[in-house]
Every structure is written in structure tokens, then in C-alpha cells.
Amino acid sequence: MDKKRFQSLVMAALLTCLPLASYAERVNENPSAGEMMADLVIARPVGIGIFALGTVTFVATLPFSLLGGNMIEAADTLVMVPAKEVFVRCLGCTSPGRKEKLSN
């Protein structure tokens, strides 16, 4: 894959995620430092990989989804759910959403 195509794919994936923050539910979790480190080192990289793989799969199967009439369901399952898990979840939290307030 050439550099321009890769950059375009990354930008499209990131622009898809921008509206997610406005739809985020509120969470009230207080993760420990260990949970935050595990999330940063293990869960986020794995989640980004799953998100990238789901986005590529969605684009590859888009003609079939359009013909089958389930494009919205495919986009939600393959792209939006992994995007919420990676980009709309506080560090160390177990469920997607935004913190109610900043704590000291």
C-alpha cells in the first residue's frame, strides 16, 4: 500500500470517530493506576488494531452490504463499536463514555 493511500485511510478512520464524543454516555468509574497502565499498554493498542481491521473489512465488504441492505448494521458492528471502545473511553475505564467531572 502506498503512503498516500495509507494516509487517506487513516484520515477517513479518524474523521469517522469525531462525532462519537458527542454521543458518549456518562461514566462514573475510578480506575487505579495499574488499570490505567494496562489499558494504555495492552487494551488500547489491541483496540486500535481491531478498529483498523474492522474498518478495512467494512470497506472490503461494502458492495455486498449495500446489495444486502445491511450497510448500517455492518458499519455499526465493524467500525463504530470498536471506535467507541478505543476513542470514547476514559483511560482505565471498562465501559465507553465520558467522565462526569474531573477529579483531583
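The values are calculated or read from the model by the stated rules, or taken from the named source; none is laboratory data. The structure presented is a predicted model; accordingly, all values stated were derived computationally and were not measured. A quick note on method: Cβ atoms are made from the backbone with ideal geometry, for glycine too, and the neighbour counts reach across all protein chains shown. Note: areas computed on protein heavy atoms with side chains; ligands, DNA, RNA excluded. Shrake-Rupley method; radii C 1.70, N 1.55, O 1.52, S 1.80 Å.
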(request) Hey, can you grab everything whose amide H is under 5 Å from the amide H of residue 97? Only 5+ residues off in sequence or another chain; H modelled, so Pro and N-termini drop out. (result) 89, 90
(message) Keeping all protein chains in place and using 1.4 angstrom, which order do 36, 80 fall into by accessible surface area, from largest down?
(response) 36, 80
(request) Can you pull the one-decimal nm distance between simple spin-label points at residue 40 and residue 28, each 7 Å off the Cα toward Cβ? (result) 2.7 nm
(request) State, to one decimal in nm, how far the label point of residue 73 lies from the label point of residue 98, with both points 7 Å from Cα in the Cβ direction. (result) 3.1 nm
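Taking the mean number of other Cβ atoms within 10 Å as a proxy for protection, how do you rank 66-77, 47-58 from highest to lowest?
Details: 66-77: 12.6, 47-58: 16.6.
In descending order of packing, they fall as 47-58, 66-77.
What is the percent of Cα-Cα separations in the stretch 42-103 that go past 20 Å? Write out the running numbers ahead of the final one.
Numbers: 687 of 1891 pairs.
Pairs farther apart than 20 Å: 36 percent.
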